[in-house]
């Protein structure tokens with residue numbers, strides 16, 4: 001990891017960006033070379049909570065050559081509670097384009113949906129919605 005020459009120089013971000021903090025700020029920068037955020041009591045707990053409940057997350061379902069279209073339709077319907085027709089549309093998008101968003105919502109709900117989809121070995125990913 002590149003060390004910064006000054007507090008005004010930031011290295012490019014690499015890997016995934018995580019939102020919020022696991023614990024209230026301790027006064028130590030989380031990564032070497034990055035400027036520590038200002039310590040404002042309770043701010044980081046609120047940011048973490050806002051991320052979980054208000055930021056939109058998506059469950060992305062990926063195509064595979066293992067499951068039949070019918071298996072995927074039924075599992076998408078089971079995981080999301082959507083109609084058979086809507087599950088069919090999502091499944092066909094996955095089949096033709098390689099992936100599709102099958103659910104959007106709070107991160108905790110997306111984890112539940114992803115868990116049900118993974119029950120039969122489907123490949124899914126939870127991502128922060130763009131926009």
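The values are calculated or read from the model by the stated rules, or taken from the named source; none is laboratory data. Note that this is a predicted model, so its numbers are computed, not measured. Ideal geometry is used to build each Cβ from the backbone, glycine not excepted, and the neighbour counts take in all protein chains shown.
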Inset, instruction - Having 1 or more residues that are surrounded by 14 or more Cβ atoms within 10 Å (Cβ to Cβ) and modelled with pLDDT under 50 is the bar; report the helices (runs of 4 or more DSSP H) wholly within the stretch 18-121 that clear it. - result: 43-53
Legend entry - Cross-chain or 6+ apart pairs with Cβ under 6 Å, the stretch 64-92 first and under 16 Å from residue 116 (Cβ atoms), then assigned to a loop (DSSP other than H, G, I, E, B): 75/120
